Amino acid sequence: MRPQNKQFAFAFYFSLLFFFSGCAAVGMTLFGVGAGVTTGTSVAYTLDGIAYRTFTASLPRVESATRTALDNMGIKVEATSKIDQGKAIKAVSNDREIEIELEMVSPKTTRIRTVAKQGIFFKDRATATEIIIQTEKALGLS
């Protein structure tokens, strides 16, 4: 094999490593998303770190439980506003901005969506999950 062909082959195989490592990262991310649901946390996630769950409880009941959970966690509620099908809660804790949306699916069913932003780019999935878990406890469902 000529030296030029060897260099081309090396460059080609080396560049493939970047593509395959990206596939592994995507695969591991998808595995992690599924693992959250199957490990008993009952919390689902989007690929960008947003946690969500649906409760068989009315919107006012879930809102009250969410406020209790935030209070128990020492997280301060800054604002509450109405959205199309429910309510939005904005809260802060040290270096995190927390957004919670409560969406009325039916009069007896409410979907909670939480995101805990840490800085501009990072999302704290653990804190978002804990808010949902503590809301579940406040509802008396766990």
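No value in this document is a laboratory result; all are computed from the given coordinates. Because the structure is predicted, anything quoted here is derived from the model rather than measured. FYI the Cβ positions are ideal-geometry reconstructions off the backbone, even for glycines, and counts take in every protein chain you see.
The figures follow:
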quantity	calculated
Leading residue by the ranking (surrounded by the fewest Cβ atoms within 10 Å (Cβ to Cβ)) among those in segment 123-142 that are hydrophobic (A, V, I, L, M, F, W, C) and over 19 Å from the mean Cα position of the chain (by Cα)	141
Within segment 49-68, tally of residues that are within 18 Å of the chain's Cα centre (by Cα) and outside any helix (DSSP H, G or I)	7
Criterion violated by residue 113 - all others in (1) more than 21 Å from residue 42 (Cβ to Cβ); (2) surrounded by 14 or more Cβ atoms within 10 Å (Cβ to Cβ) satisfied	(1)
Residues that are in contact (Cβ under 8 Å) with a residue 40 or more places away in the chain and touching a strand residue (DSSP E or B) at 6+ places or on another chain (Cβ under 6 Å), drawn from segment 67-102	70, 75, 102
Test: residue 120 is over 20 Å from residue 136 (Cα atoms) and either surrounded by 19 or more Cβ atoms within 10 Å (Cβ to Cβ) or of a type in the set (Val, Ile, Thr) (or both)	yes
